[in-house]
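The values are calculated or read from the model by the stated rules, or taken from the named source; none is laboratory data. Remember, predicted model here, so these are calculated numbers, not experimental data. Cβ atoms come from the backbone with ideal geometry, glycine included; neighbour counts cover every protein chain shown.
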Amino acid sequence: MDNPGAKRLTPAVQRPRNPMIATLLNLRGNGRAAVYTEPLWGLSMMLVLPYASVFMLALGVNDAQIGLLATISILSQVVFGLLSGVITDKLGRRRTTALFDIIAWAIPCLIWAFAQDFWWFLIASVINGVWQVTQNSWDCLLVEDVDRSEIPKVYSLVKVAGEFSALFAPIAALLVSNLGLELAVRILYLNAFVIISVKVWLLYRYTTETATGLVRMEQTRGISIWTSLWEYRTVLGLIVRSKGTIFSLVIAALVAAVALVNGVFWQVVVNQRLGVPDALLPFFPMVRSLLSVLFFFTIIPRLTHASALKVPTLIGFSVYLAGQLLLVSIPAPDGAATASTYLMLAVCLLLDAFGAGILFMLSESLVALHVDRNERSRVMAIQRTTVMLATAPFGWISGWLSGMDRSWPFLLTSVLLVLGLVVTARFWTTTHEETHAVEA
């Protein structure tokens, strides 16, 4: 019986926390270590990437050769991507990530720092292709011990962590303006070598092998790599029989091809065609990244909080397409970029930040959600190999197009994004989470 004299305690009304912030604060174990060390890319590779293509041009590498290097890098990734599942299972997610991060990033940074001509970049590109091994192992390390419902948010946090790295862009701009392009970029590559080495140590120090990884290490003990590769034929069956996996592969391939072209030639077109000076180049990815972070904490969670992801995917392709078409339509100024050039580029950055950001998260999430849990490393190895084979020609093709007109690579990306819209609208396949939501 209630005591009429007793005071009723009204529970405090708690303001709902942003789902991204909640996931960030609640992360534990491997997920926490992987996400929390991602911003170190900002003090390493993200400082130098805005200058990578322009640096090659300064050393006498032409547009077609830059595109060829991108394709060669992808082909190298194909080989190592195919091996990645076997290596990850045999060595474990944690050990594979540490070893192959050093090979894939630290060593090429030293080569790039002392590069003299096309052949130096060719060698570095081949070695850098090893990063597909660590991409597989790192993905497994990231999500295997994370609740499936949290996977999209975790990939969003990874994207945000990478985007925050753009805050350090003024460091690169300051070096270039004071030391000149060539010397500054060489220093930035040496810096990347040091920071990446530190990142590898921190990630290894604060992670443990996943439960699935321990099982796969035991199962593959004493089995040769070639035998394990032959066993891929059973994994191929899993992929072919899954409409969801095939669909997610197509989406991932389209997004990867667009990202490849933009990553190689966006800085080239704004520098060489639109007249943006060298020192300002890092500020464009910085602004894009900051806008992307803003979207990830505001609009994107609202669009992707539900189980159904079809509409957000269509929106992502549409917005990204608008940004690419706008970039193509910017008139080339006579000499240096004008105020109207910068204004239109600002709108491009706004559209790209949202479109590329949401599509990265959704393409990675769709692959992870459709994958067979027990065969994650090998299925994802084949998936990535397939995506890279489909993506590889676009490096050379975009280089060939850029040699004729530096805006043409972005007509190519526009066609790919239109294809993404058609595939999503016509062939969408629901994920496991969507199926459960419908059944509930």
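Here are the numbers:
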quantity: Residue that is surrounded by the fewest Cβ atoms within 10 Å (Cβ to Cβ), among those in the range 33-53 that are in a helix (DSSP H, G or I) and hydroxyl-bearing (Ser, Thr, Tyr); calculated: 36
quantity: Answer residue from the range 304-330, given it is over 20 Å from the mean Cα position of the chain (by Cα) and assigned to a loop (DSSP other than H, G, I, E, B) and is modelled with the highest pLDDT among those; calculated: 330
quantity: Of the criteria (1) buried (at least 23 other Cβ atoms within 10 Å of the Cβ); (2) within 30 Å of residue 277 (Cα to Cα), which one residue 110 fails; calculated: (1)
quantity: Identity of the residue in the range 331-354, under 19 Å from the mean Cα position of the chain (by Cα) and free of Cβ contacts under 8 Å to residues at least 60 places away in the same chain, that ends up surrounded by the most Cβ atoms within 10 Å (Cβ to Cβ); calculated: 351
quantity: Positions within the range 271-303 being of a type in the set (A, V, I, L, M) and in a helix (DSSP H, G or I), in sequence order; calculated: 279, 280, 286, 287, 290, 291, 293, 294, 299, 300, 303
quantity: Unique residue being at pLDDT below 85 and more than 17 Å from residue 266 (Cβ to Cβ) when the list is 75, 49, 43; calculated: 43
quantity: Test: residue 134 is buried (at least 23 other Cβ atoms within 10 Å of the Cβ), at pLDDT 75 or above and within 20 Å of residue 43 (Cβ to Cβ); calculated: yes
quantity: Helices (runs of 4 or more DSSP H) fully within the range 54-143 counting 1 or more residues that are closer than 30 Å to residue 215 by Cβ and touching a residue at least 60 places away in the same chain (Cβ under 8 Å); calculated: 63-91, 93-101, 131-143
quantity: Residue that is surrounded by the most Cβ atoms within 10 Å (Cβ to Cβ), among those in the range 54-69 that are closer than 25 Å to residue 279 by Cβ and of a type in the set (Gly, Ala, Ser); calculated: 58
quantity: Verdict on residue 258 being touching a Ser or Thr at 6+ places or on another chain (Cβ under 9 Å) and surrounded by 15 or more Cβ atoms within 10 Å (Cβ to Cβ); calculated: yes
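Yes/no per residue for (1) surrounded by 22 or more Cβ atoms within 10 Å (Cβ to Cβ); (2) modelled with pLDDT of 80 or more; (3) not basic (Lys, Arg):
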position: 160; (1), (2), (3): yes, no, yes
position: 165; (1), (2), (3): yes, no, yes
position: 183; (1), (2), (3): no, yes, yes
position: 190; (1), (2), (3): no, yes, yes
position: 213; (1), (2), (3): yes, yes, yes
position: 250; (1), (2), (3): no, yes, yes
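Residue-by-condition table, conditions (1) over 24 Å from residue 224 (Cβ atoms); (2) not β-branched (Val, Ile, Thr):
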site: 91; (1), (2): no, yes
site: 107; (1), (2): yes, no
site: 118; (1), (2): yes, yes
site: 124; (1), (2): yes, yes
site: 132; (1), (2): no, yes
